[in-house]
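S.K.: Below is one structure. I have some questions about it.
No value in this document is a laboratory result; all are computed from the given coordinates. Here the structure is a predicted model, which is why all the values come from computation and not from measurement. FYI the Cβ positions are ideal-geometry reconstructions off the backbone, even for glycines, and counts take in every protein chain you see.
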Amino acid sequence: MRVEIFADHAAMSQAAAHFIKKAALQAVGARGSFCLALAGGSTPLNTYRLLGHDPEFPWADTQVFWGDERCVPPDNPESNRGAGMKALGSPEALPSDNIHPIRGQLSPQEAAQDYQWRLKGFFADQGRPAFDLVILGLGPDGHVASLFPGSPGLSKGNAWVLPVAAPTHLEPQVPRVSLTLWSINQAQQVLLMAGGAAKAPVVARLRQGRDPELPAARVQPQGEMFLYLDRAAAGD
Ligand code: 6PG
C-alpha cells in the first residue's frame, strides 16, 4: 500500500483528482475506456468537483459505477449517486449511458440483484468486475463501501454485490447495497481516501497492519493500493 500524506483536505483532493485523471488517460489510451467505481460519503466530493470541471478528463470514454449505495431515492441527500453526480456536475461529455448507478429506490435485495446483473452484463467478456479504479472512503470502524466489520460481503463467496442491513452503529442507518470485497479486489487499482482528525485512530490501525479483520486492511486489488491522507487523518 502506497501512502501519500497531504497538508490538508484541499491538497489531498487536488492530488486525488490528478491521480484519477492520470489513470483514466492511461486506460483510455491503452484500451479505449476507463471503468471507475466511485465511493460514497463526503471525503471524495471535492475530488469529484475538480474532475467534473476538468475539460481534459476523458468522460466520453469513462464508465461510472459506484462501490455502494444507500437504499434511498436518488434525490435523497443520503444518496451516493445523487451526491456524486451533483459534485461531478453531470459533465456534458459524460453520456448518460456511461452512468451505471445502483438503484437505491428499489429494495436492498432487488437493487443488489439488479446491479449484479448489470455488472455481469457489462463485464461479460472479463467474467469479473474488472474496474480500472475503485475509489473508497474509510469509515471510523474501518469499513469501506458498505462492508462493515463482520459483513457477509467480506467473506468468500461468488456474489459480486450484496444487500447490507441498515447499520446501527453509524449514520445513515439505512439499508445499503455494496460491492463485495472480492469484487473490489478485482480492480486494477484502489484509491482509499481519508481526511480529518476523526479518522486518525482508524488510519493508525490500518497503517500498523496489526488488524487483519479491519475491512480496509483486506482490500488487495490486482495492481496497486493507494492511501491518500491529509495530515489530520495521518495523525501528524
Ligand atoms: C457510504 C460510503 C462509505 C464512506 C465512509 C467514509 O456509503 O457511506 O461508501 O464507505 O466512504 O463511510 O465516509 P466519509 O467520507 O463521509 O467520512
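S.K.: Please determine whether any residue of region 87-103 is at positive phi, surrounded by fewer than 18 Cβ atoms within 10 Å (Cβ to Cβ) and not charged (D, E, K, R).
M.R.: Yes; the residues of region 87-103 include at least one that is at positive phi, surrounded by fewer than 18 Cβ atoms within 10 Å (Cβ to Cβ) and not charged (D, E, K, R).
S.K.: So, one more: Filter region 90-102 for residues that are assigned to a loop (DSSP other than H, G, I, E, B) and either without any contact (Cβ under 8 Å) to a residue 12 or more places away in the chain or more than 16 Å from the chain's Cα centre (by Cα) (or both) and give the result. Please lay out each step first, then the result.
M.R.: To start, the set of residues in region 90-102 that are assigned to a loop (DSSP other than H, G, I, E, B) comprises 90-95, 100-102.
Of everything in region 90-102, those that are assigned to a loop (DSSP other than H, G, I, E, B) and either without any contact (Cβ under 8 Å) to a residue 12 or more places away in the chain or more than 16 Å from the chain's Cα centre (by Cα) (or both) turn out to be SER90, PRO91, GLU92, ALA93, LEU94, PRO95.
S.K.: Could I ask something else about it? Just to check your reading of the model, which residue among ASP132, ASP68, ASP141 is more than 21 Å from ALA27 (Cβ to Cβ), of a type in the set (D, E, K, R) and buried (at least 19 other Cβ atoms within 10 Å of the Cβ)? Steps first, please.
M.R.: Working: ASP132 fails: more than 21 Å from ALA27 (Cβ to Cβ); ASP141 fails: buried (at least 19 other Cβ atoms within 10 Å of the Cβ).
Selected residue: ASP68, the only one of ASP132, ASP68, ASP141 that is more than 21 Å from ALA27 (Cβ to Cβ), of a type in the set (D, E, K, R) and buried (at least 19 other Cβ atoms within 10 Å of the Cβ).
S.K.: Given GLN63, GLN109, which one is surrounded by fewer than 18 Cβ atoms within 10 Å (Cβ to Cβ) and in contact with a strand residue (DSSP E or B) (Cβ under 9 Å, 6 or more places away or on another chain)? I'd like the intermediate steps shown before the answer.
M.R.: Values: GLN63 fails: surrounded by fewer than 18 Cβ atoms within 10 Å (Cβ to Cβ).
Selected residue: GLN109, the only one of GLN63, GLN109 that is surrounded by fewer than 18 Cβ atoms within 10 Å (Cβ to Cβ) and in contact with a strand residue (DSSP E or B) (Cβ under 9 Å, 6 or more places away or on another chain).
S.K.: Could you run through region 218-236 and say how many residues are part of a helix (DSSP H, G or I) and farther than 19 Å from GLY196 by Cα? Step through it out loud before you land on a result.
M.R.: Keep residues of region 218-236 that are part of a helix (DSSP H, G or I), which gives 218, 231-234.
When the remaining residues are screened for being farther than 19 Å from GLY196 by Cα, the result is 218.
Of the residues in that region, 1 qualify.
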